[in-house]
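We did not get these values from a lab; they are worked out from the coordinates using the rules stated. This one's a predicted model, so the numbers in the text were calculated from it and none came from an experiment. Positions of Cβ are backbone-derived with ideal geometry, glycine not excepted, and every protein chain shown enters the neighbour counts.
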Amino acid sequence: MSWIDIGHIDDVPLRGARLVKTRLGCIAIFRTAEAELFAASNACPHKGGPLSEGIVHGQSVTCPLHNWVFDLNTGEAQGADEGRITTYPVRLEDGRILLDARAITERSAA
Amino acid sequence: MKQKLVVIGAGMASGRVLEHLTETAPDAFDITLFNAEPRGNYNRIMLSPVLSGEKTYEDIVTHDGGWYAQRGIACRFGEHVVKIDREMKVVEGENGHVPYDKLLIATGSAPFIIPVPGKDLPGVITYRDLDDTNAMIDAAAKGGNAVVIGGGLLGLEAAAGLAERGMTVTVVHLMGHLMERQLDEAAGYLLRKDLELRGITVRTQASTKAILGEGRAEAVLLESGETLPADLVVMAVGIRPETRLATDAGLDVARGIEVNAQMQSSDPDVLAVGECVEFDGHLFGLVAPLYDQAKVAANTLLGQPDAFVVKELATKLKVTGCDLFSAGDFAEGEGREDIVFRDPARGVYKRLVIEDDRLIGAVMYGDTADGSWFFGLIKDGTDIDEMRDTLIFGPAYQGGDTADPLSAVAALPPEAEICGCNGVCKGTIVEAIAAGATDLAAVRASTKASASCGTCTGLVEQVLQVTLGDEFQMPAAQPICGCTDLTHEDVRRLIKAQELKSQAAVWQELGWKTPNGCHVCRPAINYYLLADWPLEYQDDPQSRFVNERKHANIQKDGTFSVVPRMWGGITNPAELRAIADAAEKYDVPTVKVTGGQRIDLLGVKGEDLPAIWADLNRAGLVSGHAYSKGLRTVKTCVGTDHCRFGTQDSTGLGIKLEKILWGSWTPHKLKLAVSGCPRNCAEATCKDIGVVCVDSGYQIGIGGAAGMDVKETELLCQVPTEDEAIEVVMAVTQAYREGGKYLDRLYKWLAKVGMDWVRANVVDDLENRRALAERFELSQSIYRKDPWAEHVRDKAPSYAPIADFTLEAAE
């Protein structure tokens, strides 16, 4: 697996997210705790809501458009809603955020 | 012939090496021991009890002069080593050379000094060795103020010790919570609370700018501009391996002296142990791995095969009187789940982190009795699937009751105020129940608790249940969300009664079931905290819906709409030109006039927001808060300025009200209007607060709405002067802010408290009216400002992607 340095963890607000733009669509980088990150597709499967703008709680995010909640570990929608978002490997090393290069170059359609 | 061994540094690691060597092979080496401190080895872990006065230096000495003499070790204490000459195999001390066959470096670590002006002033000390400890004891004898920089273990030990010795102590910590490496937020909050109870002031997210003083330290200046008086400044921000000798000697040094599993440096005749080494990327600070290293180093010196391995470690910490435990990995990694247990009554917090049916991390505060059992599970990788339901209760617990949702109320002290309207505390209610008031109506009759606005009804019922047990039948109330069993009203009252001033405080003291709430409760808690503690609590953007975080309205395609404020609906050609220019410059697809008498620019891209705001700001336009659970607009008609029917200056009053109220947060959106005569062209009678001007003064109505429900305002009062009208509007807004449930429009709050209560408190009781208006004004001293200007200035980069790979070459 090859990793791409996309920025410093302090660039992502605690319990917030930032966006990575790729030619295949946007990836959201979520910071759920001081040193805990997740990466997933930015688009909600319901109506395409921007998940990076949602409220981050526990290890989940709530879509800002219609309150679908996704578990960032699995990408599965929670509760009564059905759907999932693609998640990507992301690592933290010495404060730097490393994203799996395949997330940027060869993503399958979510 | 005996080999010559030179040891540099008499700390806990090298002390253990010497023990092993002299026990197993007392005649193998001629040993010389250098130590920069003028003394031998003592137990550094016990410096805290020395500082606090529980122990003396004599109690913590591990190797005294006699010990070294018996073993024939030549001690050169108080002598610094100047140089290691590896070619000649000689160590150069200040007082002469010592040749070696084998060399052991155990220089430990040095305190990190933050490079701020004033760091070298007398009165600024670090906390590392006995001399530092004695310096603190001497300083404390004079009393006064101490500032400890650094809220990690060492810093807090120093703070606790100095407080114990009678100093007024403030801890300044850069991060958001104490001991952030070992503890999560909730445990950090409890620790802070314990320290504060002992009179220690804690300042988090505080960065030191300089240490001030003439000739000696007198104060610490923070980045915020605040100055903390300080007769003593303790720097305890961290340590780094002491590697200068090794670096000068040309050994491989990364962060520490690099060693192999035999504890040999890049020169096989030079070994190193302790905090100065780096092995396989790891540094070491706890005593257990140091002792492991010491055993391996002794064996290597004696030619015995041995290898050092890094083990999983638990930290059981004791910050004088606070029980903490942390083990494993509780902060990182994917695919993890949390089990959280909180007992507010006992100040207990436990969090287990589980991955693939195995426990991988644990944080505990208050009750750490089960720590070693959890640590065993982590170390052994035990499959915990079977005992998952009862895991958090520890080894002794199998099945049983779930946590008591009433524990928050049970934990309240008797003097905690339950009913704010009538000033009734818990003790009074408990007494009334004991005297025979066994239901809500009886408690109301005998104490007046919950007899006024009624928002504390849920709490009174809980006190009934806690006191009476099963004899009291609890009416079902709707909790805020799945994170808690408490209702909005309960939480609001408890935030006041227990003076909870942070989200972490609410989660812990009220027994939240999730680590940090959810999208339903977090915005509500954030609102309650900022409404109740405008000066102490800092608004949390991450607990706000995107619109309020980005100060624009998100649209269905992810773009935003931007609405500049038009005070009272009045604008001018310059503002209109600026809006038109912005619309063209940022390709705004739709420009629409809103119902609130302003102009909406729809379809602005998220990353363009700071730029369009900067342009609009330049023309004097500020945010219209068209997105907020707060004041939206004050709609007006033209009034006496132009209208032949106008009775008062309705436009002027509208502008005044908008300038007073703008930026304020309320439980739901708040719309106002001022009409110049009863023809009501500003539609004031379907607003949350509507003023209708008449010849004799101002009629103020409240509780209107034109949304999912259409409501006409009810008349609150009529006042003769504009000043009074303004004060009543401020007071009623504040009453709604203080009592309303999050996401209840004003008319819903009005239905709960009743018009009589509002009229009595906001209109008739002049003193209370003024007090409400003053509290509103106090809050507005923080919130009456343009968020756009602030975001343009400080936050613009966060609106752009963190990384953009769309511009890279395609192949």
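A Förster radius of 22 Å combined with the Cβ-Cβ distance from residue B:252 to residue B:83 puts the calculated FRET efficiency at roughly 0.80.
With helices as the sole contributors, chain A gives -1000 deg cm²/dmol at 222 nm; each DSSP H run of n ≥ 4 counts as -39500 (n - 2.57), and the sum is divided by every residue.
Restricting attention to chain B, close to 65% of DSSP beta bridges with both partner residues there are antiparallel. Pairing rule first: another cysteine's C-beta must sit under 4.7 Å. Under that rule, which cysteines of chain A stay single? Result for chain A is A:26, no neighbouring Cys Cβ within the cutoff.
For the protein assembly as shown, the dipole from Cβ point charges (+1 on Lys and Arg, -1 on Asp and Glu) about the Cα centre works out to 2420 debye, to the nearest 20. For chain B, a crude dipole built from +1 on the beta carbon of Lys and Arg and -1 on the beta carbon of Asp and Glu, taken about the Cα centre, is about 2200 debye to the nearest 20.
Ranking B:551, B:516, B:579 by Cα position along the charge dipole of segment B:460-604, where only Lys, Arg, Asp and Glu carry charges on their C-beta atoms, puts B:579 farthest toward the positive end.
Placing R0 at 25 angstrom, the Cβ-Cβ distance between residue B:337 and residue A:8 gives a FRET efficiency of 0.35 after rounding to 0.05.
Residues whose amide H falls under 5 Å from that of residue B:202, counting only those 5 or more places apart or on a different chain, are B:171, with hydrogens built in the peptide plane.
Dipole check for segment B:25-98: with +1 at the C-beta of Lys and Arg, -1 at the C-beta of Asp and Glu, and the Cα centre as origin, the magnitude is about 120 Debye. Helix B:521-532 axis versus longest C-alpha principal axis of chain B: approximately 80°, rounded to the nearest ten. Report summary: the helix-based calculation at 222 nm, which adds -39500 (n - 2.57) for every DSSP H run with n ≥ 4 and divides by the residues of chain B, gives -9000 deg cm²/dmol. Summing charges over neighbours of residue B:687, with a neighbour being any other residue whose Cβ is under 11 Å away from its Cβ, gives +3 when K and R count +1 and D and E count -1. Each residue of segment B:738-747 is assigned a 3J(HN,Hα), and the resulting list reads 7, x, x, 7, 4, 6, 8, 5, 4, 5 Hz, derived from the Karplus form 6.51 cos²θ - 1.76 cosθ + 1.60 (θ = phi - 60°), x at Gly and Pro. Rounded to the nearest whole Hz, the Karplus-based 3J(HN,Hα) values (6.51 cos²θ - 1.76 cosθ + 1.60, θ = phi - 60°) of segment A:30-39 follow the sequence 9, 10, 8, 8, 3, 10, 9, 10, 9, 10, with x at glycine and proline. The HN-Hα couplings worked out from phi for segment B:769-777 by the Karplus form 6.51 cos²θ - 1.76 cosθ + 1.60 (θ = phi - 60°) are 4, 5, 5, 4, 4, 5, 5, 4, 4 Hz, whole numbers, x standing for Gly and Pro. By DSSP, the beta bridges lying fully in the protein assembly as shown are antiparallel in about 70 percent of cases. Relative to the dominant Cα principal axis of chain B, helix B:153-164 is inclined by about 80°. Seen against the Cα atoms of chain B and their longest principal axis, helix B:457-468 is set at about 50 degrees.
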